[in-house]
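Structure first, commentary second.
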Amino acid sequence: MKIVILTGAGISAESGVPTFRASDGLWEGHRIEDVATPEGYERNPGLVHEFYNMRRAHLHQVEPNPAHRALAKLEQHLGNDLTLITQNVDDLHERGGSKRVLHMHGSLLRATCTSCREPFHWQGIMTVSSKCPFCKAMGLVRPAIVWFGEMPYHLEEIEAALVACDVFVSIGTSGAVYPAAGFVQIAHLQGAKTIEINPNLTQNAHHFAEQIQGNAGTEVPRWVEELLDQA
Ligand code: NAD
Ligand code: ZN
């Protein structure tokens, strides 16, 4: 049985990583256009670096929760038959034990150079004078995070997994940002069973055959145990 799982900010909520959609439309006090678009970065790279430096530093204060760990356990059983896609830029899936995670929106722990475009590992603070380890350019290092208007990573591999899957599960995502929000339709068209795990009603809830209403920390381990019992 081939399973594709898509996770969003909700799976890390119980770890203490805030979700995005605050009712005032701001993201931790900032406008999305200022901190999550290439134009915002061009206007004020210092502010964008500070914003992601804070989020990167915050990773040290959070731990994976039972939902992350349950998905790692599922990977141990399914191996390559599980494709785990996350929209999250935290590293909680990896720290929860998952070995193969497709970070379609990038990662706080990676950087890229706007000159030579090489991606590389990054820890600590990034500034407007950070140096690229490859081409040695200064001031052109940016977070390897996919901003609005940019192309997500791993789309080919994701598409291939979606068209071959038997089950598609979406966990803790509001279903508002494309292309991720459209994955359920691709999977459904292929005849896959589609399941959503979320405590709230989402924008694309009607596309899912099954709804599990509840928090990821409780519902994901329960779902994984049931699945492994049946196997
Ligand atoms: P989101 O914040 O839009 O949605 C979070 C979802 O998690 C909600 O559906 C909520 O009901 C659910 N949730 C809350 N607590 C939960 C829990 N304990 N268990 C399970 N689910 C829970 O996050 P998203 O869907 O991951 O956002 C998608 C992408 O949007 C992000 O990857 C990011 O790239 C981008 N983004 C959006 C904004 C924005 O506000 N427009 C800002 C920055 C980035
Ligand atoms: Zn470079």
Cα centre as origin, Lys/Arg/Asp/Glu Cβ charges: the chain dipole, Debye: 620
Contact order normalised by residue count of the stretch 105-200, Cα under 8 Å, 6+ apart, percent: 23
Heavy-atom SASA rank of LEU109, LEU162 (probe 1.4 Å, accessible area, largest first): LEU109, LEU162
³J(HN,Hα), Karplus 6.51/-1.76/1.60, whole Hz, each residue of the stretch 219-228, x for Gly, Pro: 6, 5, x, 4, 5, 5, 4, 4, 5, 6
Angle in degrees between helix 155-164 and the longest Cα principal axis of the chain, rounded to the nearest 10: 0
Trypsin sites (Lys or Arg not before Pro) lying in DSSP loop within the stretch 83-120, provided at most 14 other Cβ fall within 10 Å: LYS99, ARG100, ARG117
Cβ charges +1 (Lys, Arg) and -1 (Asp, Glu), total dipole of the stretch 74-164, debye: 520
Point-charge dipole on Cβ atoms (K/R +1, D/E -1) for the stretch 1-137, about Cα centre, debye to 20: 440
Amide proton proximity set for ALA137, modelled H, under 5 Å, gap of 5+: CYS132
For the stretch 61-172, with +1 on Lys and Arg beta carbons and -1 on Asp and Glu, the positive-most of GLY124, ALA111, ALA164 along the dipole: GLY124
Computed lengthening from MET54 to VAL128, 0.36 nm per intervening residue step minus Cα-Cα distance: 25.1 nm
Relative contact order [Cα under 8 Å, 6+ residues apart], the chain, whole percent: 23
From phi via Karplus (6.51, -1.76, 1.60), per-residue ³J(HN,Hα) for the stretch 47-62 in Hz, x at Gly/Pro: 5, 5, 4, 4, 4, 6, 4, 5, 5, 5, 5, 5, 4, 5, 9, 10
Residues whose placed amide H lies under 5 Å from that of THR7, excluding near-sequence neighbours: ILE85, THR86, GLN87, ILE171
Exposure rank, largest accessible area first [TYR153, TYR41, TYR52, TYR178; 1.4 Å]: TYR178, TYR153, TYR41, TYR52
Unmatched cysteines, the chain - criterion: no other Cβ of a Cys under 4.7 angstrom: CYS165
Dipole of the stretch 1-76, positive end: most advanced residue of PRO18, PRO66, ILE32 [Cβ charges, Cα centre]: PRO66
Lysines whose Cα lies under 27 Å from that of LYS2, excluding same-chain neighbours fewer than 8 positions away: LYS73, LYS99, LYS193
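The values are calculated or read from the model by the stated rules, or taken from the named source; none is laboratory data. All values reported here derive from a predicted model rather than from experimental measurement. FYI the Cβ positions are ideal-geometry reconstructions off the backbone, even for glycines, and counts take in every protein chain you see. Just the protein is used for accessible areas: all its heavy atoms, side chains included, with ligands, DNA and RNA removed. Shrake-Rupley method; radii C 1.70, N 1.55, O 1.52, S 1.80 Å.
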